[in-house]
Amino acid sequence: MKQLDLEAYRELLTEWKMKSVIVLRGQRLLDEWYESGKDSIGPLYSCTKSILSALIGISIDKGFITSVEQPITDYLDHPPEISNALRQITIKHLLTMTPGFDWPDFDKPYKALKAAEEPVRFVLEQPLISDPGTAFAYNSGGSHLLSAILTKATGLSALSFAKDYLFGPLGFQSARWMERAGINEGGAGLYLYGRDLARIGSLFVQNGQFDQEQLISSSWVEQSTKLHHRGLLHYEPPIYGGYGFHWWHSPESHNGQCDCYFAFGHGGQYLLVAPGHELVIVIRKKVTKRNDAIWSRRLIFEHIIPACLDRNR
C-alpha cells in the first residue's frame with residue numbers, strides 16, 4: 001500500500017485554496033491536513049443534501065416513512081387546486097431531482113426560496129413543466145421539501161432526528177443546522193467538523209455499519225448511491241456527475257480512476273466515497289467561483305486517489 005503524505009502537497013494545497021483534507025480507508029485515518037493546523041466546524045453547503053438523503057433512508061428503515069414511492073402530498077400541506085398535479089410527485093422524484101418543477105439552472109430560485117416567508121409553499125407553487133421522473137433540474141427547493149417530509153413523518157426536526165439516529169451513534173463532536181419555521185434547510189445549512197463528515201463516508205463505505213452497529217440498511221446505501229439519472233455527467237469542467245438519491249455518481253469512465261459517489265458543496269466541498277477501495281475523502285476549499293471546484297476534483301483524482309491505490313492489490 002502506498003503511503004499518503006498530504007504535507008508534501010502543502011504548496012499545491014495552498015495554491016488551490018484548500019482549507020482541509022481528510023483521507024480514510026474504512027474507519028482508519030490515512031492522513032489529514034488543515035490549513036489552520038486543526039479541524040473545525042464549518043458549513044457543508046450542498047453536501048447537506050447527501051446527509052439528508054441518509055436521514056430519509058433511516059426514516060424508512062425505522063418505519064416513519066413507508067417508501068420512496070409515496071406521493072409528497074401524503075406529508076405536505078398544499079393548495080387544493082394543484083393537489084392532482086402534486087400527487088404525481090413522489091419522494092423518489094425529489095431525491096433524484098426530477099419532480100418536474102420549473103427551477104432554472106443552476107438553482108437560480110435558491111435566493112427567492114431563502115427569502116420566502118413560507119419556503120415549502122414557495123416550492124409547491126412553482127409551475128410544473130415536465131412529467132415527474134423525466135427531466136433532471138438541480139433543485140434545492142425539492143431538498144427542502146424532503147426536510148419538511150422528514151419532520152412531518154417523525155415529529156422531529158432533521159437535526160433532532162439526526163442527533164438521535166445518526167450523529168449521536170457516530171459520536172459527532174457538534175452539529176448546527178439552519179432552520180426556518182421549525183424546518184431545517186434541506187438544500188444546505190448544515191455545519192459539521194471535517195472528521196465527523198468523514199465518518200458519514202466510513203459508514204457508507206461499510207454498507208451502513210459503524211462499530212458493529214447497522215445504522216442504515218445496506219439496501220439503502222446501495223439504492224441511494226447508484227446512478228438513477230445522467231444528471232450533469234456532460235457538464236464542463238467535470239465537477240459533477242450522474243445523480244442518485246441526493247448523491248452524485250461518477251464512474252471510472254468519467255473520472256479516469258475508479259467508480260465512486262460523492263456529496264458536493266458549492267465551490268469544491270467534497271465527501272467522496274470509492275467503495276471498491278474503501279476510500280473516504282473529505283475536501284474543504286475556500287469558496288471562490290463555482291467552477292473553481294475543478295481544483296478539488298484534480299486534487300482527488302490526480303493526486304490523492306493515485307497515491308492511495310495499490311493496483312497490485
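Could you say which residue among L309, L227 is closer than 24 Å to G26 by Cα, surrounded by fewer than 22 Cβ atoms within 10 Å (Cβ to Cβ), hydrophobic (A, V, I, L, M, F, W, C) and at pLDDT below 95?
From the options L309, L227, the qualifying one is L309.
Residue check: is L232 buried (at least 17 other Cβ atoms within 10 Å of the Cβ) and either in a loop (DSSP other than H, G, I, E, B) or in contact with a Lys or Arg (Cβ under 6 Å, 6 or more places away or on another chain) (or both)?
Taking the combined requirement at face value, the residue satisfies it.
Kindly indicate whether any position in the range 23-37 is of a type outside the set (G, A, S), closer than 20 Å to I294 by Cα and not in a strand (DSSP E or B).
Yes, some residue in the range 23-37 is of a type outside the set (G, A, S), closer than 20 Å to I294 by Cα and not in a strand (DSSP E or B).
Considering only residues of the range 85-121 that are among the acidic types (D, E) and within 19 Å of the chain's Cα centre (by Cα), which is modelled with the lowest pLDDT?
It comes out as D105.
Table: residues versus (1) crowded, with 21+ Cβ neighbours inside 10 Å; (2) among the aliphatic types (A, V, I, L, M); (3) in a helix (DSSP H, G or I); (4) touching a Leu at 6+ places or on another chain (Cβ under 9 Å).
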residue: F172; (1), (2), (3), (4): no, no, no, yes
residue: G187; (1), (2), (3), (4): yes, no, no, yes
residue: A198; (1), (2), (3), (4): yes, yes, yes, yes
residue: I216; (1), (2), (3), (4): yes, yes, no, yes
residue: V273; (1), (2), (3), (4): yes, yes, no, yes
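What are the residue pairs meeting all of these: first residue in the range 20-34, first residue farther than 13 Å from L279 by Cα and in contact (Cβ under 8 Å) with a residue 12 or more places away in the chain, second residue among the basic types (K, R) and in a strand (DSSP E or B), Cβ atoms under 7 Å, and 6 or more apart or on different chains?
Here the result reads S20/R284, each pair linking the range 20-34 to a residue that is among the basic types (K, R) and in a strand (DSSP E or B).
Mind listing whichever residues of the range 242-257 are surrounded by fewer than 24 Cβ atoms within 10 Å (Cβ to Cβ) and at positive phi?
Answer for the range 242-257, where residues must be surrounded by fewer than 24 Cβ atoms within 10 Å (Cβ to Cβ) and at positive phi: just G256.
Go through (1) surrounded by 17 or more Cβ atoms within 10 Å (Cβ to Cβ); (2) farther than 26 Å from Y110 by Cα; (3) of a type in the set (A, V, I, L, M) one by one and return the number of the condition L29 breaks.
Unmet condition: (1).
Just to verify a result, which residue in the range 61-101, among those that are among the hydroxyl-bearing types (S, T, Y) and assigned to a loop (DSSP other than H, G, I, E, B), is farthest from L128 (Cα to Cα)?
Checked the range 61-101; the qualifying residue farthest from L128 (Cα to Cα) is T66.
Could you figure out which of (1) farther than 19 Å from H266 by Cα; (2) in contact (Cβ under 8 Å) with a residue 40 or more places away in the chain; (3) out of contact with any strand residue (DSSP E or B) (no Cβ under 9 Å at 6 or more places or on another chain) isn't true of I72?
(3)
I need every pair where a residue in the range 125-149 that is within 9 Å of G187 (Cα to Cα) and touching a residue at least 12 places away in the same chain (Cβ under 8 Å) has its Cβ under 7 Å from the Cβ of a residue that is hydroxyl-bearing (S, T, Y) and in a helix (DSSP H, G or I), sequence separation at least 6 or different chains.
As it stands, the answer is S140/Y110, since those pairs meet every condition given.
Taking into account only those residues within the range 66-78 that are surrounded by 17 or more Cβ atoms within 10 Å (Cβ to Cβ) and over 20 Å from the mean Cα position of the chain (by Cα), which is modelled with the lowest pLDDT?
Restricting to residues being surrounded by 17 or more Cβ atoms within 10 Å (Cβ to Cβ) and over 20 Å from the mean Cα position of the chain (by Cα), the top hit is H78.
Pairs please, first residue from the range 260-278 and over 12 Å from W247 (Cβ atoms), second anywhere and at pLDDT below 95 and of a type in the set (S, T, N, Q), Cβ atoms under 8 Å, 6+ apart in sequence or on different chains.
Final answer for the pair search is G267/T288.
Those residues that are under 21 Å from the mean Cα position of the chain (by Cα) and surrounded by 18 or more Cβ atoms within 10 Å (Cβ to Cβ), I need them from the range 16-26; list them, please.
Answer for the range 16-26, where residues must be under 21 Å from the mean Cα position of the chain (by Cα) and surrounded by 18 or more Cβ atoms within 10 Å (Cβ to Cβ): M18, K19, S20, V21, I22, V23, L24.
When you go through H254, H229 one by one, which is the residue that is in contact with a Ser or Thr (Cβ under 8 Å, 6 or more places away or on another chain) and not aromatic (F, W, Y)?
Just one listed residue meets the conditions, H229.
Condition (residue is surrounded by fewer than 13 Cβ atoms within 10 Å (Cβ to Cβ), touching a residue at least 12 places away in the same chain (Cβ under 8 Å) and of a type outside the set (K, R)) applied to the range 45-61: is it met by at least one residue?
No; the residues of the range 45-61 include none that is surrounded by fewer than 13 Cβ atoms within 10 Å (Cβ to Cβ), touching a residue at least 12 places away in the same chain (Cβ under 8 Å) and of a type outside the set (K, R).
Could you check the range 244-270 and list, in sequence order, the residues that are assigned to a loop (DSSP other than H, G, I, E, B) and within 24 Å of L13 (Cβ to Cβ)?
Passing the criteria: G256, Q257, C258, H266, G267, G268.
Looking at D102, D107, which is the one that is charged (D, E, K, R) and at positive phi?
D107
The values are calculated or read from the model by the stated rules, or taken from the named source; none is laboratory data. Because the structure is a prediction, the values reported are computed rather than measured. Virtual Cβ from ideal backbone geometry, glycine too; neighbours counted across all protein chains shown.
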